[in-house]
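Enquirer: Okay, handing you the structure first.
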Amino acid sequence: MLRNTNMRWRLPLVCFAWEIAMIVLFGVFVRYNHETDPSWEDYKKEENITLDIENDFYYRYPSFTDVHVMIFVGFGFLMTFLQRYGFSGVGFNFVMAAFSIQWALLMQGWFHTFEGGKIRIGVESLINADFCTGSVAVAFGALLGTISPVQLLVMALFQVTLFSVNEWILLDILHVVDAGGSMTIHTFGAYFGLTVSWILNRPKLAQKNNMEKPAYYSDLFSMIGTLFLWMYWPSFNSAISNHGDAQQRAVINTYLSLASSVLTTFAVASIIDKKGKLEMVYVQNATLAGGVAVGTAAEMMLSTYGSLIVGFIVGIISTLGFKYLTPLLAKIRLHDTCGIHNLHGMPGIVGGIVGAVTAACATEGVYGAEGLKKFFKFEGEYAHRTPSVQGGYQAAGICVSLAFAFVGGTAVGLVLKLPIWGAPSDENCFEDAVYWEVLEEESDVEIGNHYATPDSTKEL
Amino acid sequence: MLRNTNMRWRLPLVCFAWEIAMIVLFGVFVRYNHETDPSWEDYKKEENITLDIENDFYYRYPSFTDVHVMIFVGFGFLMTFLQRYGFSGVGFNFVMAAFSIQWALLMQGWFHTFEGGKIRIGVESLINADFCTGSVAVAFGALLGTISPVQLLVMALFQVTLFSVNEWILLDILHVVDAGGSMTIHTFGAYFGLTVSWILNRPKLAQKNNMEKPAYYSDLFSMIGTLFLWMYWPSFNSAISNHGDAQQRAVINTYLSLASSVLTTFAVASIIDKKGKLEMVYVQNATLAGGVAVGTAAEMMLSTYGSLIVGFIVGIISTLGFKYLTPLLAKIRLHDTCGIHNLHGMPGIVGGIVGAVTAACATEGVYGAEGLKKFFKFEGEYAHRTPSVQGGYQAAGICVSLAFAFVGGTAVGLVLKLPIWGAPSDENCFEDAVYWEVLEEESDVEIGNHYATPDSTKEL
Amino acid sequence: MLRNTNMRWRLPLVCFAWEIAMIVLFGVFVRYNHETDPSWEDYKKEENITLDIENDFYYRYPSFTDVHVMIFVGFGFLMTFLQRYGFSGVGFNFVMAAFSIQWALLMQGWFHTFEGGKIRIGVESLINADFCTGSVAVAFGALLGTISPVQLLVMALFQVTLFSVNEWILLDILHVVDAGGSMTIHTFGAYFGLTVSWILNRPKLAQKNNMEKPAYYSDLFSMIGTLFLWMYWPSFNSAISNHGDAQQRAVINTYLSLASSVLTTFAVASIIDKKGKLEMVYVQNATLAGGVAVGTAAEMMLSTYGSLIVGFIVGIISTLGFKYLTPLLAKIRLHDTCGIHNLHGMPGIVGGIVGAVTAACATEGVYGAEGLKKFFKFEGEYAHRTPSVQGGYQAAGICVSLAFAFVGGTAVGLVLKLPIWGAPSDENCFEDAVYWEVLEEESDVEIGNHYATPDSTKEL
């Protein structure tokens, strides 16, 4: 069955509706916080702050720009690896993220910085909004090439909502630590995306479509994404850590874990090929698993060698996943275009477990008596929580994230299955020309084959 | 008429002359400022500064590197979208910018940091020099593919000069606020470039040249430029704002305006195509209009939803401009290769107006009594200026910038029309092989057609 | 003679062995330093530090991320210029660097931050590790396309070791200043790589292989590397400078020197071509010579025009080197794929000399009486050293670095000549398909010719 993929009214309608809603809601709810407002001068006096450089802006802005690059160039270019889906990969990620950051500012604001009827935003809010958007980008990876931009924007609306509720439960109810988002971003994002993909399943996709493969230059474009993700991941995992030692520790742990997973990725990639040849897909993805897997524990006292060990293990797991698990999942009709299960799913769960164990093993000897309380925020109603109990709650956080992913993903998948969002037919998956003007000389050569059939031409 | 485009003596002569002049002038005039000199230790004591981190360097350097990336990778790669003009787009932007930043340090230094016969430079000077260079890169966008590198370097010499005078009039005489340069950078740059293009007009260009179109991969390269411009624009608009809340506010307003214009760009791009298909040119350009249009008001109390509204409107204006206005301008012989009128011209004027209105509406209730005076620098001879008067001066700033652009552009255009700068013939426009060694296998395929004519071959 | 290039067991073995060694050694030796550890709170009190923002992290982290980008995207993409070696250029640089930063943390740690049996690491350690890795990336440039990834990892092991010893002799024994590494990184790295290349010489390479040339898009990918190196070089040269004025001065001097070398590169590139046409190879490389050549003196009182003059000269030297010297060296069997002798070798030596002269000319009038002692660390056993003596030691540093490069390069070259590392045959040099799965449709077209011979096919 071919579907009507014409976006002419659908896409504008969704974009305008979403953006006008944002404007109205921002008008009602969103205001600058003290550090962003001229009242900063008064605030400085009240809080006994002496220097402008103590404004949180200067602690976080360099990390924020790095995270911003990860979301737009990192994820965007990572998704240009398909031979004829580069415009869509980078372009749809762009519009999805531009919407999601706005909606996340609202959703996260209501849960975390809502005072006197207003959401107060500052640089940390921007980072959190980018984080939430990252989880949508992860989920998009499973669906790349098989959903329309309208479906993506609808999914973003729901996923940002679910993300924020899940994040609130983890941080405010379970009171867990998850600065780099192994659970909230990666585990939730990956299994949400996979569940949606499973609901939307296309049993005959592989037979009807031979476009799902890279080309030489598209693989190089994808490496731009990989490297910016890899280089800036230390900023990602440290961006909202406590000022001072915690932020620096998160950087070092992430840096080491990532370095380690590069080595094991290359090692395993070479072992699993009969001729020992490498494939770009592993290098583009599994090298990043080390960053995912220290997302929860990066700011903890994971130790330098602990970080190396985590990266070592997930580099192996992730590469093996691409080789053996993704084809297996495809057989049970679980399509995963970018292999997010290998990059974000399994390493995300590992990250949650590493975080739980590291928290459970925390001692006053290592953190200092005051340091331990400060770090895990054992204060107020949580004043009597011990590290081992904290470890239990951390583990519970993984389960809650998975539950949200499966239930939420099923519901959202069913919504996206409605035949009104312009989903492409199997023949038109992984094909820019469905949604973009592509110059004819180019498209003729490579995609001519399946255009020749009268049916599909009619639809385009 | 074919012209002699051989650069062998022209380009070296201009490069050496320009650079030797820089060395002599820097030797006579340019010195480190207090924060860059070992006298910093004494300066700290005098100014009662206690910590090294209070050196302006640490407030501005992260923003500076982002701005630097925007000028060289942002503008550079944005201009690689033509199928066979990528080397020139990124390469000529490189040499132009490397010269312009030096000349801008001198020109802006004479106007702003000239003390005791010496220009004192520091990190803020580098940012301002990059800003000035940005306006030349904007103007280059209108002329991309139609001028030689020598013409570009000659234009840069004059444009930097005019920019600095215009900037001085706006900031020091009219006393306006324009931290992100909606007026000084975008409005001036765009209309200056368009005026030059109009003077240099090539009535038969469209008939003789079919190279002015993108290719699949060149469109992807261009997206690298787009995204780095988009991601770092908050740094651009906040880079020279006051320390503390103003800098953070400029970031947030720019971030929001940009996000909003992405949504409306996609919406309009889909509406205006019969089949609802998107074109990369809109995504590459109109998505950035939100950054241009809050250039003046970003650090003001524009409010979060105000920023969204500005981005919403200019996303629409800019996309419609690309679709309907650029072809119209081409009919009156106003060639605009990159569509700078849509990205920098109209949004720049909108930005100036938004700034004027926001300034006119400023109240002590919003900024605080001291805050208002501090923000608009209502001190000394300007002590009695009111917000509404300030709004008037802001509006005057737009007019002055436009006047400078038209008069200056006409004069510079006439200089560039002299037949000594190696301008390419219409047939050779948008063609790297005129100025670069391009391997034959490659060039044969795509550009063979117009090389076959004996006349043009002779010239190359 | 064709060699067995199958990586299946060699590469995994080396990767696993190297990484497991790292984990064990990190477990035994590497700990967080005070500013990265929860003991930061106590340390603050002891050292009378009042604010978290005084943590060294905030002085150095923005520079660190820039340096990180230079190593992975800068060097990585710079090496994608060959038509069919992009995967290897960016991919092998990736795995080499991921290993080298770990090993450098250990080696440099033993020499510089070893206390009570433990190496204490913080953000400055990460920067130094990236620096050391930069020198391996430089050396790799000479060998690009002619060595296997296993050879590269073996070389990295030895080169990092030699680098650290040489660095220790320069900084701790000779007590020289070399913050941007003209001597330790560039001179050492370049001549080490060239010596290895000379030992590994392949007399018939040029006859048997016609793959060593760029393609249109690969030249554009390479420009991504060039520009990120160029833009972030000011961060590189200032990353470990003293807080305050020295760091800012290093930025400004590097910025100016780089700008100047762009102009002279374009000038000379145009002069030396009969038709005045530019070649991308000059623009990709010689424009960076200005950064190399102020590596030692950037933080000194080199003066703004002094920086411009240095950039002016090395832009010329470097471009002429690519045109005339590289072909000459090739005749004496010294193959230099990326022309590192022109970009890092000669400019590195110039940088060392500029540093020696600038140090020798230092006066109390310029630096201040205290400033001079503080800057050159004339304290303890060096309390009575004068600037002119310092100049002599700086010059000695160049000689020591060269000696280490020649002797070390010879030894390592002989190790790499062992026939067990899977070095490619001359026919298979500069060819991704030897080590990577490349889709057949692609590879057929361009590399089919030399695959047709039965001998070589057998090997792949």
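The values are calculated or read from the model by the stated rules, or taken from the named source; none is laboratory data. This structure is a prediction, so every number in the text was calculated from the model and none was measured. Heads up, the Cβs are rebuilt from the backbone with ideal geometry, glycines too, and the neighbour counts pull from every protein chain shown.
Enquirer: Tell me the residue from C:I313, C:I272 that is at pLDDT 95 or above, more than 25 Å from C:I398 (Cα to Cα) and not acidic (D, E), please.
Expert: So the residue among C:I313, C:I272 that is at pLDDT 95 or above, more than 25 Å from C:I398 (Cα to Cα) and not acidic (D, E) is C:I272.
Enquirer: Now for a different question. Please tell me if B:G86 is within 10 Å of chain C (Cβ to nearest Cβ), crowded, with 23+ Cβ neighbours inside 10 Å and under 24 Å from B:N342 (Cα atoms). Lay out the reasoning, then the answer.
Expert: On the way: within 10 Å of chain C (Cβ to nearest Cβ): yes; crowded, with 23+ Cβ neighbours inside 10 Å: yes; under 24 Å from B:N342 (Cα atoms): yes.
Spelling it out, B:G86 is indeed within 10 Å of chain C (Cβ to nearest Cβ), crowded, with 23+ Cβ neighbours inside 10 Å and under 24 Å from B:N342 (Cα atoms).
Enquirer: Only one of these is in contact with a Lys or Arg (Cβ under 9 Å, 6 or more places away or on another chain) and in contact (Cβ under 8 Å) with a residue 12 or more places away in the chain: A:R84, A:R120. Name it. Talk me through it step by step, then tell me what you get.
Expert: Details: A:R84 fails: in contact with a Lys or Arg (Cβ under 9 Å, 6 or more places away or on another chain).
Within the list A:R84, A:R120, the selection yields A:R120.
Enquirer: Scan A:S238, A:S182, A:S197 and give me the residue that is within 14 Å of chain C (Cβ to nearest Cβ) and either of a type outside the set (A, V, I, L, M, F, W, C) or surrounded by fewer than 22 Cβ atoms within 10 Å (Cβ to Cβ) (or both). Break it down stepwise before answering.
Expert: Working: A:S182 fails: within 14 Å of chain C (Cβ to nearest Cβ); A:S197 fails: within 14 Å of chain C (Cβ to nearest Cβ).
Answer to the check: A:S238.
Enquirer: Tell me, yes or no, whether the stretch B:159-169 has at least one residue that is within 14 Å of chain C (Cβ to nearest Cβ) and in contact (Cβ under 8 Å) with a residue 60 or more places away in the chain. Walk me through it before giving the result.
Expert: Narrowing the stretch B:159-169 to residues within 14 Å of chain C (Cβ to nearest Cβ): B:160.
From what's left, in contact (Cβ under 8 Å) with a residue 60 or more places away in the chain: B:160.
Taking every residue of the stretch B:159-169 in turn, at least one turns out to be within 14 Å of chain C (Cβ to nearest Cβ) and in contact (Cβ under 8 Å) with a residue 60 or more places away in the chain.
Enquirer: Take the conditions part of a helix (DSSP H, G or I), over 14 Å from the mean Cα position of the chain (by Cα) and either crowded, with 24+ Cβ neighbours inside 10 Å or away from chain A (no Cβ under 13 Å) (or both) and apply them to C:F140. Does it pass?
Expert: Working: part of a helix (DSSP H, G or I): yes; over 14 Å from the mean Cα position of the chain (by Cα): no; either crowded, with 24+ Cβ neighbours inside 10 Å or away from chain A (no Cβ under 13 Å) (or both): yes.
Considered against the rule, which asks whether it is part of a helix (DSSP H, G or I), over 14 Å from the mean Cα position of the chain (by Cα) and either crowded, with 24+ Cβ neighbours inside 10 Å or away from chain A (no Cβ under 13 Å) (or both), C:F140 comes out as no.
Enquirer: Can you give me the number of residues within the stretch C:201-244 that are small (G, A, S), assigned to a helix (DSSP H, G or I) and closer than 30 Å to B:P62 by Cβ? Steps first, answer last, please.
Expert: Pass one, the stretch C:201-244, residues small (G, A, S): C:206, C:215, C:218, C:222, C:225, C:235, C:238-239, C:241, C:244.
From what's left, assigned to a helix (DSSP H, G or I): C:206, C:218, C:222, C:225, C:235, C:238.
Within this subset, residues satisfying the condition of being closer than 30 Å to B:P62 by Cβ are C:222, C:225, C:235, C:238.
Adding up the residues that qualify gives 4.
Enquirer: Looking only at the stretch C:318-335, which residues are among the small types (G, A, S) and free of Cβ contacts under 8 Å to residues at least 40 places away in the same chain?
Expert: C:G321
Enquirer: Check whether at least one residue in the stretch C:286-298 is surrounded by fewer than 24 Cβ atoms within 10 Å (Cβ to Cβ) and either within 20 Å of B:M7 (Cβ to Cβ) or aliphatic (A, V, I, L, M) (or both), and report yes or no. Before you say what the answer is, go through the steps one by one.
Expert: The initial filter retains those residues of the stretch C:286-298 that are surrounded by fewer than 24 Cβ atoms within 10 Å (Cβ to Cβ), namely none.
No; the residues of the stretch C:286-298 include none that is surrounded by fewer than 24 Cβ atoms within 10 Å (Cβ to Cβ) and either within 20 Å of B:M7 (Cβ to Cβ) or aliphatic (A, V, I, L, M) (or both).
Enquirer: Right, another one. Only one of C:V310, C:V294 is closer than 20 Å to C:F64 by Cα, of a type in the set (A, V, I, L, M) and touching a residue at least 40 places away in the same chain (Cβ under 8 Å); which?
Expert: C:V294
For every residue, the table says whether it meets (1) surrounded by 22 or more Cβ atoms within 10 Å (Cβ to Cβ); (2) of a type in the set (A, V, I, L, M).
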{"residue": "B:A129", "(1), (2)": "yes, yes"}
{"residue": "B:C132", "(1), (2)": "yes, no"}
{"residue": "B:V136", "(1), (2)": "yes, yes"}
{"residue": "B:L144", "(1), (2)": "yes, yes"}
{"residue": "B:P149", "(1), (2)": "yes, no"}
{"residue": "B:V154", "(1), (2)": "no, yes"}
{"residue": "B:Q159", "(1), (2)": "yes, no"}
{"residue": "B:F163", "(1), (2)": "yes, no"}
{"residue": "B:E167", "(1), (2)": "yes, no"}
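Enquirer: Which residues, counting only those in the stretch A:10-69, are among the hydrophobic types (A, V, I, L, M, F, W, C), closer than 24 Å to B:W230 by Cα and buried (at least 23 other Cβ atoms within 10 Å of the Cβ)?
Expert: A:L11, A:V14, A:C15, A:M22, A:F26, A:V30, A:F57, A:F64, A:V67, A:V69
Enquirer: Pull up the stretch B:269-285, narrow it to residues that are facing chain A (nearest Cβ under 7 Å) and of a type outside the set (D, E), then point me to the one that is surrounded by the fewest Cβ atoms within 10 Å (Cβ to Cβ).
Expert: Top of the filtered list is B:K275.
Enquirer: What are the pairs with Cβ atoms under 8 angstrom where one residue, in the stretch B:172-191, is within 22 Å of B:N285 (Cβ to Cβ) and the other, located anywhere, is of a type in the set (D, E, K, R) and assigned to a helix (DSSP H, G or I)? Sequence gap at least six, or different chains.
Expert: Listed by first residue and then by second, the contacts come to B:T184/B:E167.
Enquirer: How about the stretch C:293-308: which of its residues are facing another protein chain (nearest Cβ under 10 Å) and of a type in the set (V, I, T)?
Expert: C:T304
Enquirer: Confirm whether B:G311 is crowded, with 19+ Cβ neighbours inside 10 Å, touching a helix residue (DSSP H, G or I) at 6+ places or on another chain (Cβ under 6 Å) and farther than 24 Å from B:V283 by Cβ.
Expert: Details: crowded, with 19+ Cβ neighbours inside 10 Å: yes; touching a helix residue (DSSP H, G or I) at 6+ places or on another chain (Cβ under 6 Å): yes; farther than 24 Å from B:V283 by Cβ: no.
No.
Enquirer: Would you point out which residue out of C:S443, C:S388 is over 24 Å from the mean Cα position of the chain (by Cα), assigned to a helix (DSSP H, G or I), modelled with pLDDT under 90 and not acidic (D, E)?
Expert: Working: C:S388 fails: modelled with pLDDT under 90.
Testing whether each residue is over 24 Å from the mean Cα position of the chain (by Cα), assigned to a helix (DSSP H, G or I), modelled with pLDDT under 90 and not acidic (D, E) leaves just C:S443.
Enquirer: Take A:P149 and decide whether it is within 14 Å of another protein chain (Cβ to nearest Cβ), within 24 Å of A:V354 (Cα to Cα) and modelled with pLDDT of 95 or more. Give the steps one after another, and end with the answer.
Expert: Values: within 14 Å of another protein chain (Cβ to nearest Cβ): yes; within 24 Å of A:V354 (Cα to Cα): no; modelled with pLDDT of 95 or more: yes.
The answer is no for A:P149.
Enquirer: Which of the residues spanning the stretch B:275-325 are hydroxyl-bearing (S, T, Y) and closer than 23 Å to B:M223 by Cα? Before you say what the answer is, go through the steps one by one.
Expert: The first filter runs over the stretch B:275-325 and keeps only residues hydroxyl-bearing (S, T, Y), leaving B:282, B:287, B:296, B:303-305, B:307, B:318-319, B:324.
Hits for the stretch B:275-325 are B:Y282, B:T287, B:S318, B:T319, B:Y324.
Enquirer: I would also like to ask the following. List every residue pair whose Cβ atoms lie under 6 Å apart, where the two residues are 6 or more positions apart in sequence or sit on different chains, the first residue falls within the stretch A:206-224 and is more than 12 Å from every other protein chain (Cβ to nearest Cβ), and the second residue, located anywhere, is in a helix (DSSP H, G or I).
Expert: Filtered contacts from the stretch A:206-224: A:K208/A:D426; A:K208/A:E427; A:N209/A:D426.
Enquirer: Separate question: Can you name the condition, by its number, that B:F406 falls short on among (1) touching a residue at least 24 places away in the same chain (Cβ under 8 Å); (2) surrounded by fewer than 19 Cβ atoms within 10 Å (Cβ to Cβ); (3) outside any helix (DSSP H, G or I)?
Expert: (3)
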